[in-house]
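Undergrad: Quick one: structure below, then a few questions.
The values are calculated or read from the model by the stated rules, or taken from the named source; none is laboratory data. Computed from a prediction, not measured in an experiment: that's the story for all the values here. No Cβ is skipped: glycine too gets one built from the backbone with ideal geometry, and neighbour counts run over all protein chains shown. For the accessible areas, the whole protein counts, side chains as well, though only heavy atoms, and no ligand, DNA or RNA atoms are used. Shrake-Rupley method; radii C 1.70, N 1.55, O 1.52, S 1.80 Å.
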Amino acid sequence: MWIKVLGSGAGGGFPQWNCNCANCQAVRSHAPGFYPRTQSSLAVSTDRLNWLLLNASPDLREQIAKTPQLAPSHADCVRASPIKAVALTNGDVDHVAGLLSMREAQPFSVYAARRVIDALGANPIFSILQPQLVPLVELQLDKRQEVSGAQIDLGLELLPFSVPGKIALYLENKHAPNFGTQAGDTLGFKITNTKSGKFFYYIPGCAQFNQSLSDRLHEAPLVFFDGTLFHENEMIDQGLIGKTGSRMGHMNIDGPDGSLKAFEKLNVVRKIYIHLNNSNPALNDFSREHAIVTAAGWEVAKDGLEIEL
Ligand code: MLT
Ligand code: MN
Ligand code: ZN
């Protein structure tokens, strides 16, 4: 199975269009240790011909242009795409807006939780993806789903599970507990190659660690995990927005409730932070924070990273 990191940044990407923080300034000026990042998404394939996308970022067009495997090949018909399916971990703008770049009457399947399908259905702009060409397939929590699209079996199985999170920003109800979030609004995926049995986990958003996640991820061969913020207050401290990591539905890397601590005893073979916000000091390869995460055995995803599993 091949896994390609199309994008490793959080919503807004790196640099973010309107952000003048120290990190965004540094990456704009090509400072050593800083790498631009598009908004997070993975492409997965068992044959390098047909691909599943994990989330469709607003940067998808650029990501496809940079990834020759995702372009139609000379042998294809006049309209074609190697992308046969998209699976969504939630309904956030940075995970669904790329679907709009996939219009043009091309068949593929979309896999998502019921409430995400409903959110797409409630917004007429997504009807540009014609239902007879682009079926929206409902994922059931903890139920295995074989992945296919455009009549092609991708040889992949998806196991969606609920992780602590927050409903998409544009659906927040400020009068309801946790803004109206329900179980299943944020998914983690276990993705398995049905032939080889090899698997990995994709969890780009997670508000809190718990025992069920510990049990699930123990000794996993590969986990991509929420690396949005290093510190709970870093966006406030940098004067960006007045929100903590918890308020945004992202656990932090640092601290007693952070992901560094949570993964300490899990013996995960390869662990990679993804969905990094532009405020995260670990984005600087020469920072103290980057040294801390790498000393703990983590990698910080960069766009274009390719893994064979
Ligand atoms: C998030 O990851 O918290 C969201 O992408 C925020 C947003 O919608 O801008
Ligand atoms: Mn996001
Ligand atoms: Zn910034």
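Undergrad: If Lys and Arg each add +1 and Asp and Glu each add -1, what is the summed charge of the other residues whose beta carbon sits under 13 Å from the beta carbon of E104?
TA: On the way: positive: R61, R79, R103; negative: none.
My count for the surroundings of E104 gives +3.
Undergrad: Within the set of other residues whose C-beta is less than 13 Å from the C-beta of A122, count the net charge using Lys and Arg as +1 and Asp and Glu as -1. Each step should come with its number before you reach the end.
TA: Numbers: positive: R114, R115; negative: D118.
Once all neighbours under 13 Å are counted, the net charge is +1.
Undergrad: Still on this structure, I have one more. Heads up, I need the accessible area for M1: 1.4 angstrom probe, whole protein in place, Å², nearest 10.
TA: 10
Undergrad: Considering only DSSP states other than H, G, I, E and B, which GluC sites (Glu not before Pro) in segment 235-309 qualify as loop sites with at most 10 other Cβ atoms within 10 Å? Intermediate results must be reported in sequence, preceding the final value.
TA: Working: sites: E264, E289, E299, E306, E308; in loops: E264.
Counting only loop positions with at most 10 other Cβ atoms within 10 Å, the GluC sites (Glu not before Pro) in segment 235-309 are E264.
Undergrad: Direction-averaged shadow area of the convex hull around the Cα atoms of the chain, nm²? Walk me through the numbers on the way to the answer.
TA: Working: hull surface 62.8 nm².
Mean projected area for the chain: 15.7 nm², to one decimal.
Undergrad: Segment 154-226 to segment 1-51: how many Å between their Cα centroids?
TA: Rounded to whole Å, the Cα centres lie 20 Å apart.
Undergrad: Shifting gears a bit: Quick one: net charge around Q132, please, counting Lys, Arg +1 and Asp, Glu -1 for every other residue with C-beta under 15 Å from its C-beta. Could the numbers behind the result be given before it?
TA: On the way: positive: R103; negative: E104.
For residues surrounding Q132, the net value is 0.
Undergrad: Of K84/K261; K174/K271; K84/K271; K261/K302; K166/K302; K143/K166, which pairs sit farther than 32 Å apart, going by alpha carbon to alpha carbon?
TA: Numbers: K84/K261 37 Å; K174/K271 35 Å; K84/K271 27 Å; K261/K302 23 Å; K166/K302 25 Å; K143/K166 22 Å.
Those over the limit are K84/K261; K174/K271.
Undergrad: For the chain, report the accessible area per residue in Å² (1.4 Å probe, heavy atoms, rounded to an integer).
TA: Working: 13900 Å² over 309 residues.
With the other protein chains kept in place, the chain gives 45 Å² per residue.
Undergrad: Also, I was wondering about something else. Amide H of L156 versus every other amide H placed in the peptide plane: which residues, excluding those fewer than 5 positions away on the same chain, fall under 5 Å?
TA: Amide H neighbours of L156, under 5 Å, 5+ apart: V147, T194.
Undergrad: Would you kindly find the accessible area of R288, with a 1.4 Å probe and non-protein molecules such as ligands, DNA and RNA excluded, rounding to the nearest 10 Å²?
TA: For R288, solvent-accessible area is about 150 Å².
Undergrad: Could you list, bin by bin from short to long, the percent of Cα-Cα pairs of segment 74-203 in 5 Å steps?
TA: Whole-percent P(r) values from 0 Å outward: 2, 10, 19, 21, 19, 15, 8, 4, 1, 0, 0.
Undergrad: Quick one: Karplus J couplings for segment 273-279, per residue in order, coefficients 6.51, -1.76, 1.60, θ = phi - 60°, nearest Hz, x for Gly and Pro?
TA: Karplus-based 3J(HN,Hα) across segment 273-279 equals 6, 9, 6, 8, 6, 4, 7 Hz.
Undergrad: Continuing with the same structure: So which chymotrypsin sites (Phe, Trp or Tyr not before Pro) in segment 259-307 pass both tests, a DSSP loop state and at most 13 other Cβ atoms within 10 Å of the Cβ? All intermediate terms of the calculation are to be shown ahead of the outcome.
TA: Values: sites: F263, Y273, F286, W298; in loops: F286.
Counting only loop positions with at most 13 other Cβ atoms within 10 Å, the chymotrypsin sites (Phe, Trp or Tyr not before Pro) in segment 259-307 are F286.
Undergrad: Simple spin-label model, 7 Å along Cα-to-Cβ: Y170 to V78 in nm?
TA: Between Y170 and V78, the label points sit 3.4 nm apart.
Undergrad: What does DSSP give for the chain in terms of the percent of beta bridges that are antiparallel, rounded to the nearest 5?
TA: The antiparallel proportion sits near 55 percent.
Undergrad: Given a 1.4 Å probe and the protein chains all in place, what does the accessible area of H95 round to, in Å² to the nearest 10?
TA: For H95, the solvent-accessible surface is approximately 10 Å².
Undergrad: Next question, about the same structure. Non-local amide H neighbours of L229 (under 5 Å, H modeled in plane, Pro and chain starts lacking H): which ones?
TA: Here I253, N277 satisfy the definition.
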